[in-house]
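Values quoted throughout were computed directly from the atomic coordinates according to the rules given, and no laboratory measurement underlies them. Note that the structure is predicted; figures quoted are calculated from it, not measured. Here the Cβ is made from the backbone with ideal geometry for all residues, glycine too, and neighbour counts use every protein chain on show.
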There are 2 protein chains.
Amino acid sequence: MTRIGAIEAGGTKFVCGIGSERGEIEDRISFPTEGPERTIGQAIAYFKGKGVDAIGIGSFGPIDIRPGSPTYGYVTTTPKPGWSNVDLLGALRREFGVPMGWDTDVNAAALGEATWGAARGLSSCLYYTVGTGIGIGVYAEGRLVHGLVHPEGGHTLPRRHPDDAFAGRCPYHGDCLEGMAAGPAIEARWGAKGHGLPAEHPAWAIEAFYLGQSIAGAVLLNSPEKVILGGGVMQQAQLFPLIRAEVKRNLNGYVSSREIVEDIDGYIVPPGLGQQAGLCGAAALGLAALRGAVG
Amino acid sequence: MTRIGAIEAGGTKFVCGIGSERGEIEDRISFPTEGPERTIGQAIAYFKGKGVDAIGIGSFGPIDIRPGSPTYGYVTTTPKPGWSNVDLLGALRREFGVPMGWDTDVNAAALGEATWGAARGLSSCLYYTVGTGIGIGVYAEGRLVHGLVHPEGGHTLPRRHPDDAFAGRCPYHGDCLEGMAAGPAIEARWGAKGHGLPAEHPAWAIEAFYLGQSIAGAVLLNSPEKVILGGGVMQQAQLFPLIRAEVKRNLNGYVSSREIVEDIDGYIVPPGLGQQAGLCGAAALGLAALRGAVG
């Protein structure tokens, strides 16, 4: 039986596990992200002797995913102390002689959802993670999308909600999507973390305003067959109907496909893989590497 | 020698031609887009007896490009009189038993540029056409991007320029990108067509503001390796440096690739195929169909 090693390499914690070809997670551990030597060492120790056939890594970023680049496989310019310019993929390659898949955490999650989750059988989806930051994984025409670098859709500039005076907190763009709608923006705007605000708090209408605007724009540009919203902030289930309404309001009937007009509840959805989306996504990268597919 | 029939099916005129495998256009005619029967008839008459090995059609839209759909190959809900629900591809199929490529005009142009033009050898690009409307073709991971429908990136919502009080003229969204920056918006805002405004007119800074904002957003979401700007409005060469500056201002150093930081003049460019971009794009669709590739 095929055993796929999976690493969800986050800025706060690493989750490692063993997945099957069918996307079942058979074992998992997690540990806080400390210095790279210690943390990568823990991941290596976990996989030693487990007989994995491949390893997939979905990593926090920015990371270098350009094949042929001298720093391919590195975490590059992250502000996270100690992690700038770290050869994460290379450290694993030196220990394990198996095929390895390597991509961003959100692209991994998009691939996982396309392989086993909410976008199974479809050839396109977007995966949003809304948490400490906002990332968007892009899967189109049956492939994860890369180019110059990897997608960084969390930094597009939304129009401001008329009742929102919050300045935004992205160090690069101030009031970009991440600066206005990631978890820390919610906390800074309202003086309380999202999970401490009641479901009827005005925070959620504003949050949905920004996320819905971004999703409408991404739907117009890429026309994905499914939009999947994960991450800590999206644990607030009341956001889903608010976001769907904002997407419809923004599109205003322009994209007249059945999926949006008649069944938006099935179009903008939580991860089919639930809390395992990140780890399953990493396993999907490993499986794709094993099959010789790129991304 | 391979002869590829090409149709650039526009809302104002049809251009038909014969292209080679190397993207050379060997013959072309154009005629105004009148009723569908007459216009499609003219296209059919042009190709009769020319011995084409394939035909590619890049069409105005919206069009149905979902294989298996009962209206695949149709121009669907266009406001253009007579053209709503017209089986354009089917009409050609009934006359010519050769492989046919079918996509939007802007996706066709993106493929043409990737095959023979400014994005040759790259695996991704965006193609903007800025004219009567604004369309964005999306090419990623070596393929044209489709999903629910085709990309409709001209309808995303930009932030407003601080000196711009123009209401916008998109019937769906008012002040979306197309409503604020397509040719008719320029004319309505300034009371003169773009080609009648001098290069130093404030119109161009405002135009670049909206286009630059859209491009920055699309670069963040999809990370294309090249951005190609065509269409009538982009004949105003003074727009290019203004747009490049707006893109840099919007990104604010966040996407730190060499292509943007050091060589943005080579990153945001006019079509390598010049005025032939549309027709070559249609030929590229035909060639792809002949080679059995999808899009």
Relative to the longest principal axis of chain A, what angle (0 to 90°, nearest 10) does the C-alpha long axis of helix A:105-116 take?
90
For segment B:188-243, listing GluC sites (Glu not before Pro) in a DSSP loop whose Cβ sees at most 12 other Cβ atoms within 10 Å gives B:GLU200
Using 0.36 nm per residue, how much length does the chain from A:GLN238 to A:ASN252 gain when fully extended, once their Cα-Cα distance is taken away?
2.8 nm
If we hang a label 7 Å off Cα along the beta carbon direction at A:GLY253, how far is it from the matching labels on the other copies, in nm, shortest first?
4.7
Environment charge of B:ASP163, counting only residues whose C-beta is closer than 15 Å and scoring Lys/Arg +1, Asp/Glu -1:
-1
Can you flag which of A:LYS248/B:LYS248; A:LYS13/A:LYS193; B:LYS80/B:LYS193 are past 27 Å Cα-Cα?
A:LYS248/B:LYS248
Gaussian network model of chain B, Cα within-10 Å springs - most flexible of B:ARG169, B:ARG94, B:ARG22
B:ARG94
Given H placed 1.01 Å from N in the peptide plane, which residues other than close sequence neighbours of B:THR78 have an amide H under 5 Å from its amide H?
B:ASN85
Shortest first and in nm, the label-point separations between A:ARG94 and its counterparts in the other identical copies (7 Å out along Cα→Cβ) come to 6.9
Between segment B:88-161 and segment A:182-197, what's the alpha-carbon centroid distance in Å?
41
Which whole-number percent gives the relative contact order of segment B:1-104, counting Cα pairs below 8 Å spaced six or more residues apart?
26
Say a label goes 7 Å from Cα toward Cβ at A:TYR72 in every copy; what distances in nm does this one have to the rest, shortest first?
3.6
Looking at the protein assembly as shown only, what percent of DSSP beta bridges run antiparallel? Nearest 5 please.
60
Round to a whole angstrom and tell me the spacing of the C-alpha centers of segment A:1-21 and segment A:244-279.
28
Please work out whether segment A:118-270 counts as rounded, prolate or oblate from its C-alpha gyration tensor, where a ≥ b ≥ c are the square roots of the eigenvalues and a/c under 1.5 means rounded, while otherwise a/b larger than b/c means prolate and anything else oblate?
prolate
Along segment B:167-178, Karplus-curve 3J(HN,Hα) (6.51, -1.76, 1.60; θ = phi - 60°) to the nearest Hz, with x for Gly and Pro, reads 6, x, 9, 7, x, 8, 10, x, 9, 6, 3, 4
Between 0 and 90 degrees, rounded to the nearest ten: what's the tilt of helix B:277-290 against the longest Cα principal axis of chain B?
50
Nearest-5 percent of antiparallel DSSP beta bridges in segment B:118-270?
60
By how many degrees, between 0 and 90 and to the nearest 10, does the Cα long axis of helix A:239-251 differ from the longest principal axis of chain A?
70
Counting only other residues whose beta carbon sits under 10 Å from that of B:HIS146, what net charge do I get with K and R as +1, D and E as -1?
-1
Taking every DSSP beta bridge that has both residues in chain B, what percent is antiparallel when rounded to the nearest 5?
60
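Expressed as a rounded percentage, what relative contact order does chain B have, with Cα pairs under 8 Å and six or more residues apart?
Dividing the mean separation by the residue count of chain B yields 23 percent.
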With θ taken as phi - 60° and the coefficients 6.51, -1.76 and 1.60, list the Karplus ³J(HN,Hα) couplings across segment A:135-147 in order, rounded to whole Hz; mark glycine and proline as x.
x, 10, x, 10, 10, 8, 6, x, 9, 6, 8, 9, x
For A:TRP102, other-chain or 5+-apart residues with amide H closer than 5 Å (H placed, Pro excluded) are A:ILE57
Read phi for every residue in segment A:25-34 and hand back ³J(HN,Hα) as whole Hz from Karplus 6.51 cos²θ - 1.76 cosθ + 1.60, θ = phi - 60°, with x for Gly and Pro.
8, 9, 7, 7, 9, 9, 8, x, 7, 9
Just need the relative contact order of segment B:118-270 here, percent rounded to a whole number, with Cα pairs under 8 Å and 6+ apart.
26
